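First comes the structure, then the notes that go with it.
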Amino acid sequence: MKNSRLASWKTALPFLLPSLAGFVVFSIIPMIMQIFVSLTSWDGLSELTLFSDFGGFMDRFYVGIENYKEILTSKEFYQVIGNTLEFVILYIPLMLIASMIVALILNSHVKGVGIFRVLYYIPVITSWVAGALIWKWVLSPEYGAINNILALFGIEGPSWLQSSKWAMPAIVLASVWKDMGYFGLMLMSGLQGINQEYYDAAAIDGAGKIKQFTRITLPLLTPTLFFVLIISLINSFQLFTQIMIMTPDGGPLGSTMVMVERIYKCGFRYYEMGTAAAYSWILFAILLLLTMVQMKLQNKWVNYDD
């Protein structure tokens, strides 16, 4: 058995080497280097000599865990975490509801549904830069489409992106618009994987559409929902492009400062690469912990159809 496995590995290795080499060079080595950088005060401009003069580099820049201590004891970090949690709490429920509606529409057997499938996916393939600029115009307090529509009903719209109260909800609206087609397509795939016989049996027993949805569709869709939940939560903590374009500099009163935005600014605006690397590893730890919790809790609500 061992000899056959070894022979299989020898056969597969030449085909795996290109991918493994790229993974090691572009992922593993940068991650290892980032660990060392997070323990230094390197500014990103001085010569990086981790391999040729490792001792000299560490003598000049090594600060130990000071970067981590500085981040974890700063008020800014907890504001960043609070802003990120606000985004998660608003974004994930809205995104799941919108994606589910899209999935149910796209999975329906109505004439012309293929056209709707293309239209709903257009925001997904649209560049975030273009999408964010569109939403920046739509949310303009003076001539934006949303405030003009609200004005028709006698409602005075807020100064969306200029308000510390409404800036994050505005980012959430844009993000749901961008992502609902992507996650809706995933949920549609999950819907198509449900055996039609369940619905036929439920219809014979007199179950209506609502009961079929709550008793058949939702329970059997939980594996797909679980995957969507993990991916969307990771994406929520990697929020960046829409923040930088719609609310530069972290928004009014820092109301849209988030983790990746801080990483970028620490590294490439303030030239504190050590702090940026430490922020990155803290983000990694948070995502790892949240993913492990979700994996642990999946047995309580995810149902797999045998």
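For V113, the conditions (1) touching a Ser or Thr at 6+ places or on another chain (Cβ under 8 Å); (2) at pLDDT below 90 are fulfilled apart from (1).
In the range 293-306, of all residues being in a loop (DSSP other than H, G, I, E, B) and open to solvent by 60 Å² or more (accessible area, probe 1.4 Å), the one that is farthest from V228 (Cα to Cα) corresponds to D306. For V118, are the conditions met, namely being of a type in the set (A, V, I, L, M) and open to solvent by less than 40 Å² (accessible area, probe 1.4 Å)? No; evaluated as a whole, the condition is false for this residue. When G184, G254, G206 are checked against the criterion of being over 26 Å from I282 (Cβ atoms), modelled with pLDDT of 90 or more and among the small types (G, A, S), a single residue qualifies: G184. Among residues that are within 30 Å of P252 (Cα to Cα), within 26 Å of the chain's Cα centre (by Cα) and open to solvent by 80 Å² or more (accessible area, probe 1.4 Å), L139 is not included.
Note on the range 230-267: among residues that are of a type in the set (S, T, N, Q) and open to solvent by 40 Å² or more (accessible area, probe 1.4 Å), the one that is farthest from M186 (Cα to Cα) is T241. When each of T224, T217 is tested for being free of Cβ contacts under 8 Å to residues at least 40 places away in the same chain, within 13 Å of N107 (Cα to Cα), in contact with a helix residue (DSSP H, G or I) (Cβ under 9 Å, 6 or more places away or on another chain) and among the polar types (S, T, N, Q), the lone residue that passes is T217. Residues in the range 121-136 that are in contact (Cβ under 8 Å) with a residue 12 or more places away in the chain and either touching a Cys at 6+ places or on another chain (Cβ under 6 Å) or open to solvent by less than 80 Å² (accessible area, probe 1.4 Å) (or both): Y121, I122, P123, V124, T126, W128, V129, G131, A132, W135.
Here's the yes/no breakdown for (1) polar (S, T, N, Q); (2) in a helix (DSSP H, G or I); (3) touching a Pro at 6+ places or on another chain (Cβ under 7 Å):
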{"position": "M257", "(1), (2), (3)": "no, no, no"}
{"position": "T275", "(1), (2), (3)": "yes, yes, no"}
{"position": "F284", "(1), (2), (3)": "no, yes, no"}
{"position": "T291", "(1), (2), (3)": "yes, yes, no"}
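Number of residues in the range 142-154 that are open to solvent by 90 Å² or more (accessible area, probe 1.4 Å) and of a type outside the set (F, W, Y) equals 3. When each of M168, M188 is tested for being closer than 30 Å to Y304 by Cβ and either touching a His at 6+ places or on another chain (Cβ under 8 Å) or assigned to a helix (DSSP H, G or I) (or both), the lone residue that passes is M188. Just so you know, in the range 57-105 the residues that are farther than 24 Å from I234 by Cβ and of a type in the set (A, V, I, L, M) include one that is least open to solvent (accessible area, probe 1.4 Å), and it is M58.
Just so you know, in the range 268-292 the residues that are open to solvent by 30 Å² or more (accessible area, probe 1.4 Å) and aliphatic (A, V, I, L, M) include one that is nearest to G82 (Cα to Cα), and it is I286.
Might you let me know whether the range 266-276 holds any residue that is within 17 Å of I71 (Cα to Cα) and under 17 Å from the mean Cα position of the chain (by Cα)? Scanning the range 266-276, I find no residue that is within 17 Å of I71 (Cα to Cα) and under 17 Å from the mean Cα position of the chain (by Cα), so the answer is no.
When Q196, Q162 are screened for being out of contact with any helix residue (DSSP H, G or I) (no Cβ under 9 Å at 6 or more places or on another chain) and surrounded by fewer than 19 Cβ atoms within 10 Å (Cβ to Cβ), only Q196 passes.
From the list Q298, Q192, Q294, the lone residue that is more than 22 Å from the chain's Cα centre (by Cα) and more than 30 Å from L161 (Cβ to Cβ) is Q192.
The values are calculated or read from the model by the stated rules, or taken from the named source; none is laboratory data. What you see is a predicted model; the values in this text were computed from it and never measured. Using ideal geometry, Cβ is built from the backbone for each residue, glycine included, and neighbour counts are taken over all protein chains shown. The area values use the complete protein model at the heavy-atom level, side chains included, leaving out ligands, DNA and RNA. Shrake-Rupley method; radii C 1.70, N 1.55, O 1.52, S 1.80 Å.
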